[in-house]
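Working notes, beginning with the structure itself.
The values are calculated or read from the model by the stated rules, or taken from the named source; none is laboratory data. Small disclaimer: the values here were computed from a predicted structure and weren't measured. As a convention, Cβ positions derive from the backbone with ideal geometry for all residues, glycine included, and neighbour counts pool all protein chains shown. Surface areas here come from the heavy atoms of the whole protein model, side chains and all, with no ligands, DNA or RNA. Shrake-Rupley method; radii C 1.70, N 1.55, O 1.52, S 1.80 Å.
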Amino acid sequence: MAITELTPAAPAASGKGLKAGALGLVGSVIVGIASTAPAYSLAATLGYVVSGGAGFKAPAIMLLAFIPMYFIAVAYRELNEAEPDCGTTFTWATRAFGPVVGWMGGWGIIAADVIVMANLAQIAGAYSFTLANELGIHNSLDQSTGWSTFAGLVWIAVMTYICYRGIEVSARLQYGLLGIEIVTLVVFAVVALAKVYGGTAPDGSQHPHLSWLWPGGLSMSVLSSTVLLAVFIYWGWDTAVSTNEEADDPGKTPGRAAVISTLLLLVTYILVSVAAVAFAGVGDTAHGLSSPDNAADVFNAIGPTLYGDSFFGKAGLALLAISILTSASASTQTTILPTARTALSMAVYKAIPGKFARIHPRYLTPTWSTIGMGLVSAAFYLGMTAISPNILAALIGAIGLQIAFYYGLTGIACAWFYRHSLGTPRHLINRGIIPLAGGIFLFTMFAYALKTYAASDYLTDDAGANVTIFGIGAVAVVGILALLAGLVLLAIQRMVAPAYFRGETLPQRSSADLILAGEQPIGVEPITLPDSREATVIAPDLGNLPRGAEAVDPLTGERFIRPEKPQK
């Protein structure tokens, strides 16, 4: 067999028209961390984790949620090396399991992002007026649903426009917004712990203990629901991978950024959650983190007690308000980025209408995908607010279900895609065991959490009434209906444009498959492998490789040609 070896090189970007080389490793890490909205995520989630049964073991839940997040980040890194496509889960799940599963993976990303935009817009809108109040422009508009909704819509419009103008503009803005968040969180933790150890913390406070980092004693029901809530605060680092085609090294930089982002988030979340629980305690009165009045925003609940009425106290409260606002607005922007790029990839492969594949000739950003994300998010936000402002509280749990679905799918897709190339210990661990364990863990949490969320009394409104839809817990209904809506859209697209669903535009294959280099020779009928829908997959013995053509290993770049004479 004659073999021509090429020097292995990092996979090139797919050429969808996005601006290549716009992000380096630091920029990708910044985008990945900023996408999680650390300050907002902690403010909106920590109280529910504590009141959901975790109590003083809330830091253990943060640590436990990190494990599958890290495992899935490894899966993203490994899959991105094989195919740095901005469609991420959509593209990789299609390669591993075929078009239907891949389409639902892409829909999981879009659904999660659209749902969270309503929550982010509500926070950004309300905190715009809260910040004005802290700065001396006194008002009570943050308590007005109408004005908060209007301000939230303005934030969606502004951030959509910034994403439309270009990835570099978006990244530069994130540097400043994330800097404010990190400084605020560190100051909050330092002040809280100083008061705890100095004996000036309020009643209910406790000194931190190592047992807070171990989940022993918590029931499976509590673990499943609270872990999914905690998964929400880590969610977003995959934006660093969604922008892979705009990175300086598409095959390496985004994957490294994803792993680094999750590690930095772990340190941040453990520090702040330990400080908050230690200072405020887990009681259900006053400033206690189990109080229903405090669960929706623990920083707003703790802030006045923590900082006091002095000048520096008012400055600390203003800094908290600024950090929540910048966090929510930054995440609004970085939520649009991955959704637009997922839609772009799906459109390129004809999985959704082709209009979403359009790129701005000057800004090199998705046009219809970006603007469409903004419009759909605004419509969903208005719809949820019209039903009931309280239903927005159900969205965090519903988002957790979507995240568990498409992150879990990515982990399992990684193990399946690489199933024929796990020969070395490194590959077995990083491409097989770790991704598969992460995927199984998340799908297990999905099942347990769905049962918990479906309880009619899981979520109550301000009056103590159960928040349900069709008599079932609103969290479960919103989460499942969002996924089922994807099946309806899938069926419509399959009828209108079936090419993708026939495996013609994004064929199924594994990492070990050789593929035809270049175009299929005219008049040659290709032969496919039994487990592949790709007409250009070449058998390992090169038996179906046309004379004069070359096969290529997509992972190594190694090329193969058929020998002139059969070997004896």
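When a/c reaches 1.5 or more, the comparison of a/b and b/c decides; with that in mind, is region 187-250 rounded, prolate or oblate per its Cα gyration tensor?
oblate
Just grab the label-to-label distance for Ala286 and Leu489, each label 7 Å out from Cα along the Cβ direction, in nm (one decimal).
For the pair Ala286/Leu489, the computed spacing is 4.8 nm.
Under the Karplus relation 6.51 cos²θ - 1.76 cosθ + 1.60, θ = phi - 60°, what is the ordered set of whole-Hz ³J(HN,Hα) values for region 108-124, x standing for Gly and Pro?
Taking θ as phi minus 60°, the curve returns x, 5, 5, 4, 4, 5, 5, 5, 5, 4, 5, 5, 5, 5, 4, 5, 4 Hz for region 108-124.
If you roll a 1.4 Å probe over the heavy atoms of the protein chains, what accessible area per residue do you get for region 370-511, in Å²?
On the way: 6010 Å² over 142 residues.
Accessible area per residue, region 370-511: 42 Å².
Given a 1.4 Å probe, how much area per residue of region 300-360 is accessible, in Å²? Provide the component values of the computation, followed by the final result.
Details: 2000 Å² over 61 residues.
It amounts to 33 Å² per residue over region 300-360.
Tell me which residues come under 5 Å, amide H to amide H, from Ile469 once H is placed; ignore anything under 5 positions away on its chain.
Amide H to amide H, under 5 Å and 5 or more residues apart or across chains, Ile469 pairs with Ala474.
Please find the FRET efficiency linking Ile472 to Ala157, where r is the Cβ-Cβ separation and R0 is fixed at 25 Å, and quote it to the nearest 0.05.
Working: r = 34 Å, r/R0 = 1.37.
Efficiency for this residue pair is about 0.15.
Grab the beta carbon distance between Thr145 and Glu558, set R0 = 60 Å, and tell me the FRET efficiency rounded to 0.05.
Values: r = 61 Å, r/R0 = 1.02.
Calculated value: 0.45.
For Leu23, enumerate residues with amide H under 5 Å from its amide H, sequence gap 5+ or separate chain, H modeled in the peptide plane.
Sorted by chain and number, the residues that satisfy this are Ala247, Asp248.
Angle, helix 311-348 long axis vs. longest principal axis of the chain, Cα atoms, 0 to 90°, nearest 10?
20 degrees
Report the longest stretch of the chain that contains none of the GluC sites (Glu not before Pro) sitting in a DSSP loop with at most 13 other Cβ atoms within 10 Å.
Working: sites that count: Glu5, Glu519, Glu564.
Of all site-free stretches, the longest is 6-518.
Calculate what fraction, in whole %, of the accessible area of the chain sits on carbon and sulfur atoms when a 1.4 Å probe is rolled over the protein chains. Mind showing how you got there, number by number?
On the way: 14420 of 22150 Å².
The value for the chain is 65 percent carbon and sulfur by accessible area.
For the pair Glu504 and Leu135, how long in nm is the line joining their label points, each one 7 Å along Cα→Cβ?
Each label point is offset 7 Å from its Cα along the Cβ direction, giving 5.5 nm.
Efficiency by 1/(1 + (r/R0)^6): what FRET value for Met220 and Leu382, r their Cβ-Cβ distance, R0 = 51 Å, to the nearest 0.05?
On the way: r = 38 Å, r/R0 = 0.74.
Efficiency computed from Cβ-Cβ geometry: 0.85.
Putting +1 on Lys and Arg Cβ atoms and -1 on Asp and Glu Cβ atoms, find which of Gly136, Ile429, Ala192 reaches farthest to the positive end of the dipole of the chain.
About the Cα centre, the residue reaching furthest to the positive side is Ile429.
Express the accessible area of region 32-174 per residue in Å², computed with a 1.4 Å probe while the remaining protein chains stay in the model. It would help to have the intermediate numbers written out before the result.
Values: 3820 Å² over 143 residues.
Per-residue accessible area for region 32-174 comes out at 27 Å².
On a 0 to 90 degree scale, rounded to 10, what angle separates helix 38-49 from the longest Cα axis of the chain?
So the helix axis and the longest Cα principal axis differ by about 70 degrees.
Tell me the label only: which of (1) 1.08; (2) 1.19; (3) 1.00 is Cα Rg over 2.2 N^0.38 Å as calculated from this structure?
(3)
List every residue whose amide H lies under 5 Å from the amide H of His360, counting only residues 5 or more places away in sequence or on a different chain, with H placed 1.01 Å from N in the peptide plane.
Close amide H contacts, sequence-distant or interchain: Thr365, Thr367.
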